[in-house]
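What follows is a set of notes on a single structure, which appears directly below.
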Amino acid sequence: MMKGMLKTFLSVTISILSILWAGSAPCGTFKDALGREVVIEKRPMRIVPLAPSLTEILYYLGLGDRVVGVTNHSNYPPEAALKPSVGSYVNLNVERIITLAPDLVIGTVDGNEKFVIELLEQAGIPVYVVNPRNVRESVETIGLLSEVCGLEKKGESLAQALSARVNHVVEKTTASREKPLVFLQIHLHPVMSVNSRTIHHDLIRLAGGENMTADEPITYPRISLEEIIRRKPEVILISSMERGGMFERARADWLKWTSIPAVKNGRVHLIESDLIDRPSPRIVAGLETMARLIHPEIEWDKAAGSKQ
């Protein structure tokens, strides 16, 4: 019964959208991360981004007024949280998205279900999909979305400025011969880290560190305390979506294990998860923060985003 209602709803919606868009000439055809050619019929004025990182990019481009819906946890900038929710990026409410009548939906390969994209396309809504896998691709995505949204020059300028900041960090860390062994904790209970197939690994690499768990077969491996003690990381970075007492207590718990070089030398730090988890413009601030923590001996410009 529910499937029948959804089918009827989609049919009606497709008919309405076809009438609204009839006679409009395409303003551009863009190839997305899935290799699809996406036709944008008109300058997008009602946009639904399907991940918090995409919401951040649109606001960064000055397109916050065109965003008509967001996914859960779209908390930056703060005003984004006031937009209607369309569910989590892994559990989207298709009916809600269609009801918002977007003229562009932006999705991600990593997170959004393929059937959601197909349903939206059946409803006549253009869906442009991106797939940033590392820091530089995150910056490039800003340029791609600015082009799709008709702000190519502005996006190019903003992306170039971010790229310059990335290059500055890389130049500084490349000049240093030291590559400290870094353990990044992304979850408190159980203790979890990241392997080489993550944006976090790319951050550690660009920041001039060596990822302790790079060669783990699982993308987000669980790591025992005994293994960490055995591997002797020189820097421990703690990132978690949990805040307040639990977040601070995680650092205090590490300070008991003085046989670990990172603990012995006072190099256990907290870093804001939103700065390193999302392929958004703030990933560059995350890189700058991480580089400063991994290489305190380098003379850095003022960077933001860390807790120590």
* Which of the residues belonging to the stretch 252-277 are small (G, A, S), surrounded by fewer than 20 Cβ atoms within 10 Å (Cβ to Cβ) and at pLDDT 95 or above? -> S259, G266
* To do: Could you grab me the full set of residues in the stretch 58-78 that are over 18 Å from the mean Cα position of the chain (by Cα) and open to solvent by 60 Å² or more (accessible area, probe 1.4 Å)?
  => D65
* Structure fact -> Residue hits (the stretch 145-161; hydrophobic (A, V, I, L, M, F, W, C), assigned to a helix (DSSP H, G or I), touching a residue at least 40 places away in the same chain (Cβ under 8 Å) and open to solvent by 20 Å² or more (accessible area, probe 1.4 Å)) are L158
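With respect to R230, determine if the residue is closer than 25 Å to T173 by Cβ and either open to solvent by 20 Å² or more (accessible area, probe 1.4 Å) or of a type outside the set (S, T, Y) (or both).
no
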* On the given criteria, is R249 crowded, with 23+ Cβ neighbours inside 10 Å and over 19 Å from I294 (Cβ atoms)? -> no
* Just wondering, is there one or more residues in the stretch 162-172 that are in contact with a Phe, Trp or Tyr (Cβ under 9 Å, 6 or more places away or on another chain) and surrounded by fewer than 23 Cβ atoms within 10 Å (Cβ to Cβ)? -> yes
* To do: Those residues that are in contact with a strand residue (DSSP E or B) (Cβ under 8 Å, 6 or more places away or on another chain) and surrounded by fewer than 24 Cβ atoms within 10 Å (Cβ to Cβ), I need them from the stretch 129-144; list them, please.
  => V129, N131, L144
* Name the single residue, out of those in the stretch 180-236 being basic (K, R) and free of Cβ contacts under 8 Å to residues at least 12 places away in the same chain, that is farthest from G111 (Cα to Cα). => R230
* **Residue count for the stretch 1-57, restricted to those that are modelled with pLDDT of 55 or more, open to solvent by 40 Å² or more (accessible area, probe 1.4 Å) and of a type in the set (A, V, I, L, M)** => 4
* Scope the stretch 66-95; condition in contact with a Lys or Arg (Cβ under 9 Å, 6 or more places away or on another chain) and of a type in the set (S, T, N, Q); matching residues -> S74, S85
* To do: For E227, state whether it is of a type in the set (D, E), touching a strand residue (DSSP E or B) at 6+ places or on another chain (Cβ under 8 Å) and farther than 26 Å from H73 by Cβ.
  => no
* Asked: Across the stretch 81-127, what is the total count of residues that are more than 19 Å from L144 (Cβ to Cβ), assigned to a strand (DSSP E or B) and open to solvent by less than 60 Å² (accessible area, probe 1.4 Å)?
  -> 4
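The values are calculated or read from the model by the stated rules, or taken from the named source; none is laboratory data. It should be emphasised that the depicted structure is a prediction, and the values quoted were computed from it without experimental measurement. Note: ideal-geometry Cβ built from the backbone for every residue, glycine included; neighbour counts use all protein chains shown. Note: accessible area is taken over every heavy atom of the protein model, side chains too, but ligands, DNA and RNA are not part of it. Shrake-Rupley method; radii C 1.70, N 1.55, O 1.52, S 1.80 Å.
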